[in-house]
Amino acid sequence: MDRKDIYAEELSALIQYNTVSPCCELDMDRIDAFHIKLREMFPNIFKLGDVKEFDGSYLIRIAGKDSAMLPCMLMSHHDVVEALGNWKYPPFSGTIADGRVWGRGAIDNKAMFWAIMRTVDDYIAQGNRTDADLYIVTTCNEENQGGGSVAIAEYLKNNGIRFRFILDEGSMIVRDLMPCMTGLFAMIGVTEKSICDLKFIARGAGGHASVPPKNNPLARLAAFINEVETNDIYSSYITDTESEMLRRMAPYMTGKMKDLCQNISGFQDELIKELDINNASFAAMTRTTIAFTMANGSNASNVIPTEAYVIANMRCAKHISIDESLDTIAGIARKHDVDMEVLNRGIDNAVTDYHSPEFKLIENAVNKVFPGVITVPVLLNGGTDSRNFSCVCSNIMRFTAIVATPEQERTEHGIDEFIEIDSLPLLYDFIKEVLMSI
Ligand SMILES: [Zn+2]
């Protein structure tokens, strides 16, 4: 049996465990069943490692040759989001077909989780040890507020354990990101946006819908949402991270974008306009974004609400402070007599230096396993568990070494998630390269 087929079988087996991390309480029986499987599949890690469990999340330390060296950490999560809708293959079947492994978690994040565990288990089974101590962190609630990573980061901080670098899930290797570009780019996340959850509440006297007053709470919320949606309420700015990303991509572009990316400081505004046209994800990196996601009014169709609310997810740009982003939206809410409550205030994430030896280490591993791929630093619009680890590490990199198409990326958290079987040996080899440099 080819090694890629063995790997596919293993990943398929992990996908078959439903580890959905719901918005309410976690089903610990499911997580426990999954953990029993892990001990069977990766016996050497559990035999040799110092394993600490934090309510279903793991912190595992495997001693290296030199305890004086700063340790390194490989991170992932083993929970998944719900699998709604009609799937080609049942989402927890782990079906292997068409050269792919199908199912919830195939990309996010069981493949990376599997690769870390399989590579480390094989590595230590062969008698190898890293120079520095190696820590593996894998959480069971990343998709739901990340309580496991908070607890683990706190434990590490309280025990004075710092890290040379942390590698967590993140952006992938993607092709031809804009019509004017050709090439394969390894997008190595050096920071991520700060995510805030906000509740906007409008209040009123309520009453019967038969004699409706103007400006009831729902109407004011609608006016507020409309103002936010139809205006550019936040400034856009290309920070050093996006500049470096575009500068490194410029040689693989043609036309106007190439010219602009070669002289970013002179053409900030023009370039942002082009990004808006060519790549929504790049454009989102340059500004604070707001998405209204949940809403509630009264409980009956003929009752005017005394209180109505909408919930929004805000992702803060790096060139302004979180407070500035919050103040701007609160000011607009006030104009419509709407109050704002901050349900969850994001962490101000540091930016990893893309000139550092640690960034270079990840780049070298990419270059060895994926020759010809261009490495670029990137700001993540999404969030990862590693945001909680800034207190113990200043070189956090968020990168999943999988070559993915934009369509495939969209299946993450969507329908018909899959990974190409051919991706698995490469993911393994990438983690092995990283291990050999620790
Ligand atoms: Zn994930």
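Which residue, of Pro179, Pro91, is under 27 Å from Asp240 (Cβ atoms) and either in contact (Cβ under 8 Å) with a residue 60 or more places away in the chain or in contact with a Pro (Cβ under 7 Å, 6 or more places away or on another chain) (or both)?
Values: Pro91 fails: under 27 Å from Asp240 (Cβ atoms).
Going through Pro179, Pro91 in turn, just one is under 27 Å from Asp240 (Cβ atoms) and either in contact (Cβ under 8 Å) with a residue 60 or more places away in the chain or in contact with a Pro (Cβ under 7 Å, 6 or more places away or on another chain) (or both): Pro179.
Which condition number in (1) more than 16 Å from the ligand (Cβ to nearest atom); (2) in contact with a Gly (Cβ under 6 Å, 6 or more places away or on another chain) is the one that Cys140 fails?
Only one criterion in (1) more than 16 Å from the ligand (Cβ to nearest atom); (2) in contact with a Gly (Cβ under 6 Å, 6 or more places away or on another chain) is unmet by Cys140, namely (1).
Between a residue in region 405-422 that is more than 17 Å from Met112 (Cα to Cα) and any residue that is within 16 Å of the ligand (Cβ to nearest atom) and assigned to a loop (DSSP other than H, G, I, E, B), which pairs come within a Cβ distance under 9 Å, given they are 6 or more apart or on different chains?
Ile415/Ala83; Ile415/Pro91; Asp416/Pro91
Among (1) away from the ligand (no atom under 13 Å from the Cβ); (2) under 16 Å from the mean Cα position of the chain (by Cα); (3) basic (Lys, Arg), which single condition is Arg118 missing?
(2)
Hey, can you tell me all the residues within region 408-422 that are more than 15 Å from the ligand (Cβ to nearest atom) and among the aliphatic types (A, V, I, L, M)?
Ile415, Ile421
How many residues does region 252-304 hold that are closer than 28 Å to Leu218 by Cβ and not in a loop (DSSP other than H, G, I, E, B)?
Residues flagged as closer than 28 Å to Leu218 by Cβ and not in a loop (DSSP other than H, G, I, E, B) within region 252-304 amount to 10.
Looking only at residues in region 265-309 that are farther than 24 Å from Ile322 by Cα, surrounded by 15 or more Cβ atoms within 10 Å (Cβ to Cβ) and of a type in the set (Gly, Ala, Ser), which one is farthest from the chain's Cα centre (by Cα)?
Ranking the candidates gives Ser298 first.
I'm told Cys180 meets every condition in (1) assigned by TED's automatic domain parsing to the domain that holds Ile332; (2) over 30 Å from Glu358 (Cα atoms) except one. Can you identify the failing condition by its number?
Checking Cys180 against (1) assigned by TED's automatic domain parsing to the domain that holds Ile332; (2) over 30 Å from Glu358 (Cα atoms), the one that fails is (1).
Inside region 121-164, can you point out the residues that are surrounded by 17 or more Cβ atoms within 10 Å (Cβ to Cβ), aromatic (Phe, Trp, Tyr) and in a helix (DSSP H, G or I)?
Within region 121-164, Tyr123 is the sole residue that qualifies.
Quick check, is Arg100 under 22 Å from Phe418 (Cα atoms) and either more than 16 Å from the ligand (Cβ to nearest atom) or at pLDDT 95 or above (or both)?
Yes, satisfied.
May I ask you to say which residue of Ala68, Ala33 is free of Cβ contacts under 8 Å to residues at least 40 places away in the same chain and part of a loop (DSSP other than H, G, I, E, B)? If you could, list the steps in order and put the result at the bottom.
Details: Ala33 fails: part of a loop (DSSP other than H, G, I, E, B).
Criteria check complete, one pass: Ala68.
Condition first: closer than 19 Å to Arg345 by Cα and of a type in the set (Gly, Ala, Ser). Now tell me which residues in region 281-334 satisfy that.
Scanning region 281-334 gives Ala291, Ala312, Ala317, Ser321, Ser325, Ala330, Gly331, Ala333.
The values are calculated or read from the model by the stated rules, or taken from the named source; none is laboratory data. These figures come from a predicted structure and were not determined experimentally. Virtual Cβ from ideal backbone geometry, glycine too; neighbours counted across all protein chains shown.
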